[in-house]
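A quick write-up on the structure given underneath.
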Amino acid sequence: MKKTFYPKAEDINRKWVLVDAKGKNLGRLSTVISKLILGKHKPEYTPGVDVGDFVVVINAEQIVVTGKKMDDKYYYRVSGYQSGLKKINLRNQLAKRPEYVIEHAVKGMLPHNRLGRQLNKKLKVYAGTEHPHQGQKPVPVEEVYPNL
């Protein structure tokens with residue numbers, strides 16, 4: 001009789017993956033990042049268990065979108081006061097805070113529960129090429145996920 005494999009904490013081998021967002025499409029890049037964080041590229045993937053890798057994204061300010069999304073895509077936030085709905089388009093958001101664009105896209109592709117909040121902490125996004133995670137020795141995404 002075969003038993004179902006359920007990964008324990010000591011069975012999980014996590015890597016640090018470096019993703020360069022320069023010239024990449026926002027949606028396609030976000031799906032790859034979410035699959036890396038969830039661990040869907042690993043044979044020991046189990047839904048409901050955190051088996052994914054840490055992901056460091058650099059050059060977030062140089063992403064690409066198709067069509068007129070730079071002017072027609074909006075990000076909303078609410079201040080809590082009456083008529084406190086604020087909106088900013090993608091072009092201005094990339095100029096103001098480019099990390100948020102990728103964080104927001106990936107967060108929407110993760111589960112919307114406790115596991116998703118835990119997985120969201122494994123994403124590190126930086127606008128430029130510098131990042132403080134050299135000590136973790138991140139490997140390029142092409143070695144882990146060659147289809148990007």
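Numerical summary
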read-out	value
Mean projection area, nm², convex hull over Cα of segment 1-82	9.6
Hull-based mean projected area of segment 80-148, where the convex hull spans the alpha carbons, in square nanometres	7.4
Simple Cβ-charge dipole of segment 1-107, Lys/Arg +1 and Asp/Glu -1, about Cα centre, in debye nearest 20	320
Unsatisfied cross-links (Cα-Cα over 25 Å) in the set Lys68/Lys107; Lys40/Lys124; Lys40/Lys122; Lys42/Lys124; Lys68/Lys124	Lys68/Lys124
Over the chain, relative contact order from alpha-carbon pairs under 8 Å, at least 6 apart, %	31
Percentage of interatomic Cα-Cα distances in the chain larger than 25 Å	35
Order by protection proxy (mean Cβ within 10 Å, highest first), peptides 100-108, 28-36, 74-82, 130-138	28-36, 100-108, 130-138, 74-82
Dipole of the chain [Lys/Arg +1, Asp/Glu -1 at C-beta], most positive-end residue of Gly27, Ala60, Leu115	Leu115
Between segment 105-124 and segment 27-99, the alpha-carbon center distance in angstrom	10
Gain on full stretching of the segment that runs from Tyr76 to Lys96 - 0.36 nm per residue minus C-alpha separation	5.8 nm
Label-point separation in nm, Met109 to Asp11, each point 7 Å along Cα→Cβ	2.6
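Only the coordinates and a few stated rules stand behind these numbers; no lab work does. What you see is a predicted model, and the numbers here were worked out from it, not measured in a lab. Backbone-built Cβ (ideal geometry, glycine too); neighbour counts: all protein chains shown.
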